[in-house]
Amino acid sequence: MRRFVLVALGATLLFTPVALRGQDAQTKAVQDDAAKNAQQARAKLDAMLQALGGDAWLNIKNRYQHAHAAGFYHGTPDPGTLELFDYHAWPDRDRVEATKHRDVVTFYIGREGWECTYRGKRAVPQEQLDEYLRRRDHSLETALKVWMNDPKTIMVDEGQHLASRHLADQVTLISPENEAITILMDAQTHLPLQRSFQWRDPLYKDKNTDTEEYDDYHVFDGIPTPLRVTRYKNGEIVRQSYIDKVQYNQDLGADFWDVNAVAQRIKK
C-alpha cells in the first residue's frame, strides 16, 4: 500500500508541471485571442470616427437641427408631426424648442431638465428625465468620446451582421460599470447605422432594449449627418425624426443656455 502511494505521488509530481504548462499555454492563447479581437474592435471604431469627420466631429462646439418628428404607439403613427428646433452642445446641454412659435422650450442641462412656457419654468417629469439621461449616457458621442478613452473599457468585435439591409460591422463596448453599448456601422462607408443598449426597468425589473437607427446621410459643414433617425423600444418603433436643416458651430449668445432668461422671454 505504501509503495502504491509513493508511486502515485511520484506520478502526480512528474506530470503536474506538464499539466500546468498546458493550462498556461491555453490561458495565453485565450488572452491573445481576446487582445486581437479588442484591436479589431478598436480599429473598426476608429474607422467609424474618421468617417464621421475625425477631429472635426470630436471638436464640434454645438449642433442645430430643424426636424419633424412622428410618434408611434404599438407600431401605429400618431396623427400629425411635431416641429422641433433642436440644439445640442457636448457634453450635457440640450435645448429643444417646439411648435411654430417656438414657445415651448425644454432644457436638459447636466442631470436636470426644465420646461419653459408662458407659465414660467417647471421641472421635467422624472420619467422623462430618466429616459433622456439613459440615452445620453449611451449615445454614440459618449461611446466615442468617453468609453473609448477609458483603458478599463472592454471592446468586442462581434463580426458582421445585417442592419437596415446593409452589411454592418458590429462592435460592443463594455464600461467598467458593466454597462454596454452596441454599435453597427456600414461595412463599406463605416458610418454608424445603429446604436443599442439595454436597461432594467426599476419597477418591473425586466430588461428593455433601446435602439436608434441612422439613415440618409448628408454632409453639413464637413460632418456626415443622418437625416432620418428612428428610435425603437424592445424592437417596436416609438419615434421617427426627419431632419430638414442642420448647422454646426454657431454663435448662440451668452444667455442661450440660461433657463430663467428664456422663461422670462416667453409671453402669452
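Below is a table of values for the structure above.
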| item | result |
| --- | --- |
| Helix 2-52 axis, angle to the chain major axis (alpha carbon atoms, nearest 10°) | 20 degrees |
| Solvent exposure of region 74-209 as accessible area per residue, Å², 1.4 Å probe | 56 Å² |
| Lys, Arg +1 and Asp, Glu -1 on Cβ, resulting dipole of the chain about Cα centre, debye, nearest 20 | 620 debye |
| Cα-centre dipole for region 20-167 with unit charges at Cβ (Lys and Arg positive, Asp and Glu negative), debye to 20 | 220 debye |
| 3J(HN,Hα) from dihedral phi, region 153-158, Karplus parametrisation 6.51/-1.76/1.60, rounded to Hz, x for glycine, proline | 6, 9, 10, 10, 7, 9 |
| Degrees, to the nearest 10: 126-137 long Cα axis against longest axis of the chain | 60 degrees |
| Dipole-positive endmost among Ile237, Ile223, Asn208 within region 203-243 (Cβ charges, Cα centre) | Asn208 |
| Other-chain or far-sequence residues with amide H under 5 Å of Leu191's (modelled H) | Asp186 |
| Ellipsoid semi-axes in whole angstrom, largest first, where each is sqrt(5λ) of the Cα gyration tensor of the chain | 48, 21, 18 |
| Solvent-accessible area, 1.4 Å probe, carbon plus sulfur percent, for the chain | 53 percent |
| Length-normalised contact order for the chain - Cα pairs under 8 Å, 6+ apart - percent | 20 percent |
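The values are calculated or read from the model by the stated rules, or taken from the named source; none is laboratory data. As the structure is a computational prediction, the values presented were derived from the model and not from experiment. Using ideal geometry, Cβ is built from the backbone for each residue, glycine included, and neighbour counts are taken over all protein chains shown. Just the protein is used for accessible areas: all its heavy atoms, side chains included, with ligands, DNA and RNA removed. Shrake-Rupley method; radii C 1.70, N 1.55, O 1.52, S 1.80 Å.
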